[in-house]
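> Here it is, the structure, as structure tokens.
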Ligand SMILES: [Zn+2]
């Protein structure tokens with residue numbers, strides 16, 4: 001996606017918002033007529049209004065409405081003009097909305113229709129990522145960045161690297177497998193490992209020279225941002241595991257994507 005002049009993008013966002021007929025759009029409770037007011041209150045008090053904003057425009061961070069996408073120009077404007085604290089809330093909300101968009105290959109995808117404000121949000125996310133040390137916020141921002149770029153699946157599925165666990169199913173026998181990508185412990189098992197000693201099957205991280213495409217980009221980016229633990233986890237996520245029950249070897253990332 002091309003970087004656009006932020007000032008011009010924000011000006012056009014301002015125009016878009018004035019031209020938007022919110023009464024024809026909807027959010028979670030129907031008519032979106034109240035959304036401009038909600039956005040104004042959010043701008044004045046980001047931390048106080050963020051959960052209300054998300055409840056209306058992106059409930060559970062996994063459902064978006066016509067008004068959610070129409071709010072992206074205004075969110076880009078708030079992100080550009082607002083405080084550092086406001087920026088964090090805006091990027092989280094806007095990233096979740098973008099993650100709900102039909103992909104770039106779909107006709108009239110909101111990612112295409114709102115490409116100018118999304119480019120602004122993407123660039124702000126890119127900059128903030130490099131300044132973020134906290135692991136949870138880092139993963140959220142990285143997922144937001146991928147959402148704005150239209151990357152599917154991994155804009156939602158990187159958080160297991162923060163929680164340290166993915167739950168997948170074996171492609172052969174179908175048993176549920178916990179894939180544990182922890183700080184020091186890397187294994188898979190079929191039983192609850194938190195409660196008792198279980199049979200652990202080792203994971204095979206991808207070799208550095210095998211990383212390519214998105215996994216390579218994630219690894220390189222995280223290393224450059226000082227997130228060594230996350231980068232290390234990427235090698236396991238895009239590595240291989242063997243089912244503890246039937247021994248079938250499988251790609252962890254493929255099973256995560258299938259789930
Ligand atoms: Zn199996």
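> Restricting to the stretch 170-194, and then to whatever is within 15 Å of residue 247 (Cβ to Cβ) and assigned to a strand (DSSP E or B), can you tell me which residue is farthest from the ligand (Cβ to nearest atom)?
187
> Please work out if residue 254 is within 26 Å of residue 103 (Cα to Cα) and within 16 Å of the ligand (Cβ to nearest atom).
Taking the combined requirement at face value, the residue satisfies it.
> Could I ask something else about it? Test each condition in (1) farther than 27 Å from residue 249 by Cα; (2) touching a helix residue (DSSP H, G or I) at 6+ places or on another chain (Cβ under 7 Å) for residue 130 and report the one that comes out false.
(2)
> Of the numbered conditions (1) outside any loop (DSSP other than H, G, I, E, B); (2) over 20 Å from residue 145 (Cβ atoms); (3) modelled with pLDDT of 95 or more, residue 206 fails exactly one; give the number of that condition.
Of the numbered conditions (1) outside any loop (DSSP other than H, G, I, E, B); (2) over 20 Å from residue 145 (Cβ atoms); (3) modelled with pLDDT of 95 or more, the odd one out for residue 206 is (1).
> Sticking with this structure for a sec: Scan the stretch 104-131 for residues that are in contact (Cβ under 8 Å) with a residue 24 or more places away in the chain and either closer than 17 Å to residue 75 by Cβ or buried (at least 20 other Cβ atoms within 10 Å of the Cβ) (or both) and report the count.
Number satisfying all stated conditions: 17.
> Would you point out which residue out of 227, 199, 204 is away from the ligand (no atom under 15 Å from the Cβ) and either more than 29 Å from residue 133 (Cα to Cα) or surrounded by fewer than 19 Cβ atoms within 10 Å (Cβ to Cβ) (or both)?
Matching residue, one of 227, 199, 204: 204.
> Among the residues in the stretch 137-159, are any in a loop (DSSP other than H, G, I, E, B), at pLDDT 95 or above and more than 23 Å from residue 61 (Cα to Cα)?
No, every residue in the stretch 137-159 fails to be in a loop (DSSP other than H, G, I, E, B), at pLDDT 95 or above and more than 23 Å from residue 61 (Cα to Cα).
> Ok, one more. Report, by residue number, each residue of the stretch 37-62 that is outside any helix (DSSP H, G or I) and at pLDDT below 95.
45, 62
> OK, next. Name the single residue, out of those in the stretch 231-251 being part of a loop (DSSP other than H, G, I, E, B) and closer than 24 Å to residue 221 by Cβ, that is farthest from the ligand (Cβ to nearest atom).
So the residue we want is 238.
> When you check residue 153 against the structure, is it in contact (Cβ under 8 Å) with a residue 40 or more places away in the chain, surrounded by fewer than 20 Cβ atoms within 10 Å (Cβ to Cβ), more than 16 Å from the ligand (Cβ to nearest atom) and not assigned by TED's automatic domain parsing to the domain that holds residue 76, yes or no?
The answer is yes for residue 153.
The values are calculated or read from the model by the stated rules, or taken from the named source; none is laboratory data. Given the structure is predicted, the values throughout are model-derived calculations rather than measurements. Because the Cβ atoms are built from the backbone with ideal geometry, glycine has one as well, and the counts that use them run over all protein chains shown.
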